[in-house]
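Student: Let me give you the structure first, and then I'll get to my questions.
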2 protein chains.
Amino acid sequence: MITVLRIGHRINRDKRITTHVALVGRAFGADKIIITTKDKKIEDNIKSICKKFGGDFKIETGIDPKKIINQWNGTIVHLTMYGDEMEKSIPKIDKVRDILIIVGAEKVSPYFFEKADFNISVGNQPHSEVAALAIFLDRYSNGKWIKNQFNGKIEIIPSDFRKKVRKKVNE
Amino acid sequence: MITVLRIGHRINRDKRITTHVALVGRAFGADKIIITTKDKKIEDNIKSICKKFGGDFKIETGIDPKKIINQWNGTIVHLTMYGDEMEKSIPKIDKVRDILIIVGAEKVSPYFFEKADFNISVGNQPHSEVAALAIFLDRYSNGKWIKNQFNGKIEIIPSDFRKKVRKKVNE
């Protein structure tokens, strides 16, 4: 089971980035996102996307991160540009255990660096927690996320037609 | 040469997502981003990051996308959840030619689907243009982006220390 823990979410400033973090989690194979700040709008938005596009992705908001971390029975990974190289770190992760992936907004307190079993960087240049989560989950799953089936009401049929956009609606 | 063309950027709504798109472009090996909407703040922000972290990444904003596309001498790729599977499409791209990667905000007009040599999807689930660009550039470069050297004033030294964050400042 893969859980994303989004910390430091500021409702106005981060709403779109956090939404992208959640959707990347869902699309790239995570089972759940926990957002530490209570944000009913993001909850509703993600639930509505799940309802349309399928799958069993869960979202919870307004949860104390320290409680999650202290009770976590599994591996804790913190994605940070200051962390160790993913090529070295990912092979060390026991994939049988549950994994909690901490994804911060701009400033992350030393507490999370300390509590993580692995502080992992997806490159050491500044870029995006959205990209970092996608690349991490891609490497962690050996690219298998792309085969995930969601059985949603809406399914996009891949197409190289320049103009046509095809959707399959199951109901 | 790899150029990212960000279309449909709305200054208030998209400022953080477009900033992430630009930074992902830079970190994952693109040479330049063109944002069709004029946005001096994003320009300054990206230039200031480049100044600190190095490299030769360029940014231009307020450019007519049709002019860019019509004058483009190279391949045009449009990243879209409706596009063809990247595993099938990326091997068809001639890597010797310059590439323009179109990254849209929410709604993209059929014009761009038509003008693209390749409409490519990074999975067919809704997620994020930030993640799509990162995964596309990762696959397009066979993961080689991670070895790019930026020779910046600030360089992050990868570290698995739980608490310590090390930075090397060259001047």
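The values are calculated or read from the model by the stated rules, or taken from the named source; none is laboratory data. Keep in mind that what you see is a predicted model, and the values were worked out from it rather than measured. Because the Cβ atoms are built from the backbone with ideal geometry, glycine has one as well, and the counts that use them run over all protein chains shown. Surface accessibility is based on the protein's heavy atoms, side chains included, excluding ligands, DNA and RNA. Shrake-Rupley method; radii C 1.70, N 1.55, O 1.52, S 1.80 Å.
Student: I need a count of the residues in segment A:36-49 that are surrounded by fewer than 19 Cβ atoms within 10 Å (Cβ to Cβ) and in a helix (DSSP H, G or I).
Tutor: Residues flagged as surrounded by fewer than 19 Cβ atoms within 10 Å (Cβ to Cβ) and in a helix (DSSP H, G or I) within segment A:36-49 amount to 7.
Student: Using the structure shown, decide if A:Lys67 is farther than 17 Å from A:Gly25 by Cα, in contact (Cβ under 8 Å) with a residue 12 or more places away in the chain and either basic (Lys, Arg) or surrounded by fewer than 12 Cβ atoms within 10 Å (Cβ to Cβ) (or both). Even if it seems obvious, please write down each step before you answer.
Tutor: On the way: farther than 17 Å from A:Gly25 by Cα: yes; in contact (Cβ under 8 Å) with a residue 12 or more places away in the chain: no; either basic (Lys, Arg) or surrounded by fewer than 12 Cβ atoms within 10 Å (Cβ to Cβ) (or both): yes.
Here the answer is no, as A:Lys67 does not meet what is asked.
Student: Just checking, which of A:Phe118, A:Phe136, A:Phe113 is surrounded by 18 or more Cβ atoms within 10 Å (Cβ to Cβ), modelled with pLDDT of 95 or more and farther than 22 Å from A:Thr19 by Cβ?
Tutor: Details: A:Phe136 fails: farther than 22 Å from A:Thr19 by Cβ; A:Phe113 fails: modelled with pLDDT of 95 or more.
Sole residue among the options that is surrounded by 18 or more Cβ atoms within 10 Å (Cβ to Cβ), modelled with pLDDT of 95 or more and farther than 22 Å from A:Thr19 by Cβ: A:Phe118.
Student: Identify all residues within segment A:112-144 that are of a type in the set (A, V, I, L, M, F, W, C) and more than 12 Å from the chain's Cα centre (by Cα); write none if there are none. Please lay out each step first, then the result.
Tutor: First, pick out the residues of segment A:112-144 that are of a type in the set (A, V, I, L, M, F, W, C): A:112-113, A:116, A:118, A:120, A:122, A:130-137.
A:Phe112, A:Phe113, A:Ala116, A:Phe118, A:Ile120, A:Val122 - these are the residues of segment A:112-144 that are of a type in the set (A, V, I, L, M, F, W, C) and more than 12 Å from the chain's Cα centre (by Cα).
Student: Applying the selection to segment A:74-103, what residues are at the interface with chain B (Cβ under 8 Å from one of its Cβ atoms) and buried (at least 22 other Cβ atoms within 10 Å of the Cβ)?
Tutor: A:Gly83, the sole residue that qualifies.
Student: Still on this model: Would you confirm whether any residue within segment A:123-133 is more than 22 Å from B:His20 (Cβ to Cβ) and within 12 Å of chain B (Cβ to nearest Cβ)? Reasoning before the result, please.
Tutor: Of the residues in segment A:123-133, the ones more than 22 Å from B:His20 (Cβ to Cβ) are none.
Within segment A:123-133, not a single residue is more than 22 Å from B:His20 (Cβ to Cβ) and within 12 Å of chain B (Cβ to nearest Cβ).
Student: Any residue in segment B:104-119 that's more than 9 Å from chain A (Cβ to nearest Cβ): show its pairings with residues that are open to solvent by 20 Å² or more (accessible area, probe 1.4 Å) at Cβ separation under 6 Å, as long as the two are six or more apart or on different chains.
Tutor: B:Gly104/B:Gly8; B:Ala105/B:Gly8
Student: Moving to a separate point now. Could you grab the pairs with beta carbons closer than 8 Å, sequence gap of 6+ or different chains, first residue in segment A:31-48 and free of Cβ contacts under 8 Å to residues at least 60 places away in the same chain and under 9 Å from A:Thr61 (Cα atoms), second one of a type in the set (S, T, N, Q) and assigned to a helix (DSSP H, G or I)?
Tutor: A:Ile35/A:Thr18; A:Asp39/A:Thr18; A:Ile42/A:Thr18; A:Ile42/A:Thr19
Student: Sticking with this one: With the condition kept exactly as written, say whether any residue in segment B:8-30 is under 12 Å from the mean Cα position of the chain (by Cα) and part of a strand (DSSP E or B). I'd like the intermediate steps shown before the answer.
Tutor: Step one: filter segment B:8-30 for residues under 12 Å from the mean Cα position of the chain (by Cα), giving B:17-30.
Okay, now just the ones that are also part of a strand (DSSP E or B), so none.
Taking every residue of segment B:8-30 in turn, none turns out to be under 12 Å from the mean Cα position of the chain (by Cα) and part of a strand (DSSP E or B).
Student: Further, regarding this structure: Checking B:Glu106 against (1) farther than 25 Å from A:Phe28 by Cα; (2) at pLDDT below 95; (3) surrounded by fewer than 16 Cβ atoms within 10 Å (Cβ to Cβ), which single condition isn't satisfied?
Tutor: (1)
Student: Counting just the residues of segment B:141-156 that are free of Cβ contacts under 8 Å to residues at least 60 places away in the same chain and at positive phi, which one comes out least open to solvent (accessible area, probe 1.4 Å)?
Tutor: B:Gly143
Student: Another question, then. Only residues that are more than 13 Å from every other protein chain (Cβ to nearest Cβ), of a type in the set (Lys, Arg) and open to solvent by less than 20 Å² (accessible area, probe 1.4 Å): list them for segment A:1-35, please.
Tutor: A:Arg6
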